[in-house]
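The values are calculated or read from the model by the stated rules, or taken from the named source; none is laboratory data. Please read these numbers as outputs of a predicted model, since none were measured by experiment. Here the Cβ positions follow ideal geometry from the backbone for every residue, glycine too, while neighbour counts run over all protein chains shown.
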Amino acid sequence: MRVDLALVGFGHVGRRFARLIEERRDWLSLDYDLECRVVGIATRRHGAIFREAGMDAVAMAVRIESGQPIVEPGIEAADSLDVIGRLAASDAPLKVVVETTTLDINAGQPAIDHVRAALQGGCHVTTANKGPTAFAYEELSVLAEDRGCLFLFEGAVMDGVPIFNLARETLPAVQITGFRGVVNSTTNHILTALEDGEGFDAALQRMQEMGIAEADPSLDVDGWDAAAKTSALANVLMRARMTPQAVDREGIGPQTARLAMAAKARGARVRLVASAQMTPAGLKTSVRPVELPENDLLAGLRGMANALVLQTDLLGEIAICQMSGSLTQTAYALLSDLITIRRRQLPAPHASGPGRTP
């Protein structure tokens, strides 16, 4: 089955996704009967383009990385909503919008508008942006169901680790009553660097150079990225109706070095912990540096490692860890969502067990 893709946002993650679907082209065809064709790309600074016959997205990524615009005479598009609208109006058998724009911590825009327009146009959506689930999950999930589309967001929290799939597909009839975790790779890398005696600014700069830190690093270090993930997790897993602004939040800074070193001297560790807990007074959420005993699972996370501990009514605590983070893992989450969309289509692809290496 052919799937036409519109890539809305073409930064580090979007370009890595474009390369990943090319690297896995044979695999996708053999195991999932899936032929991916990029027909639209929309960027904030390099223009927008739509070509119904498809385009070489990897070549477009190279153009952007060399400082060239992607627009070409006669096939440019007005903007991201135009690209989405053209995809929606096409006769492709399967239409998917891949949304990877930068998080807006104030209102989740324009990502929410992108997702809403795609669903209204009958397109499936996968996004790595936390905004849609952190600010508008209920509205968008209802819209998706009404239009018979899928709204997926595995890459919004912990890169490619299947947090949302875990709850949706493998924990039927289980109530999640709370969670706690280390969900921001940048701050965890900085905190472990501080424990090792490195400076705050040097550790942050390394994360920016690797493309791991948010475009605005204050979103990471001030705890906003973790607050957005906390809101997304609470909305999806615990049926909350909240936004990141409702999370009790405290970030980290150069002064955190003293706390980290003092905790290490006591045999403990400081980690930026995101948490939610259902209480008789309602849902309590927070993001803050917490001193943890050395034998705590979260205390043992170093560098870019992340982990989330789900608290459930029937299975007790369930922990899932990711020992490193990268652009490839975030891009993989988008690929995983794409395969989930394909699996939901009829007729189903031929049976396949574990992936066969082409």
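Tabulated data
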item: Region 52-103, subset out of contact with any helix residue (DSSP H, G or I) (no Cβ under 7 Å at 6 or more places or on another chain) and among the hydroxyl-bearing types (Ser, Thr, Tyr), residue surrounded by the fewest Cβ atoms within 10 Å (Cβ to Cβ); result: Ser66
item: Residue selected from region 216-245 under the condition of a type in the set (Ser, Thr, Tyr) and without any contact (Cβ under 8 Å) to a residue 60 or more places away in the chain, by the criterion nearest to Ile318 (Cα to Cα); result: Thr230
item: Those residues of region 131-148 which are free of Cβ contacts under 8 Å to residues at least 40 places away in the same chain and of a type in the set (Asp, Glu), in sequence order; result: Glu139, Glu145, Asp146
item: Wholly enclosed strands (runs of 3 or more DSSP E) of region 31-102 bearing at least 3 residues touching a Lys or Arg at 6+ places or on another chain (Cβ under 7 Å); result: 35-42
item: From Glu198, Glu169, residue being surrounded by fewer than 20 Cβ atoms within 10 Å (Cβ to Cβ) and assigned to a loop (DSSP other than H, G, I, E, B); result: Glu198
item: Flag if Ile64 is among the hydrophobic types (A, V, I, L, M, F, W, C) and over 24 Å from the mean Cα position of the chain (by Cα); result: no
item: Subset of region 137-156 [surrounded by fewer than 22 Cβ atoms within 10 Å (Cβ to Cβ), of a type in the set (Gly, Ala, Ser) and in a helix (DSSP H, G or I)]; result: Ser141, Ala144
item: Residue in region 113-128 that is free of Cβ contacts under 8 Å to residues at least 24 places away in the same chain and either surrounded by fewer than 21 Cβ atoms within 10 Å (Cβ to Cβ) or on the phi < 0 side of the Ramachandran plot (or both) present; result: no
item: Region 115-136: number of residues that are part of a strand (DSSP E or B) and of a type in the set (Val, Ile, Thr); result: 3
item: Of all residues making up region 244-263, the number that are out of contact with any strand residue (DSSP E or B) (no Cβ under 6 Å at 6 or more places or on another chain), modelled with pLDDT of 95 or more, surrounded by fewer than 20 Cβ atoms within 10 Å (Cβ to Cβ) and not small (Gly, Ala, Ser); result: 1
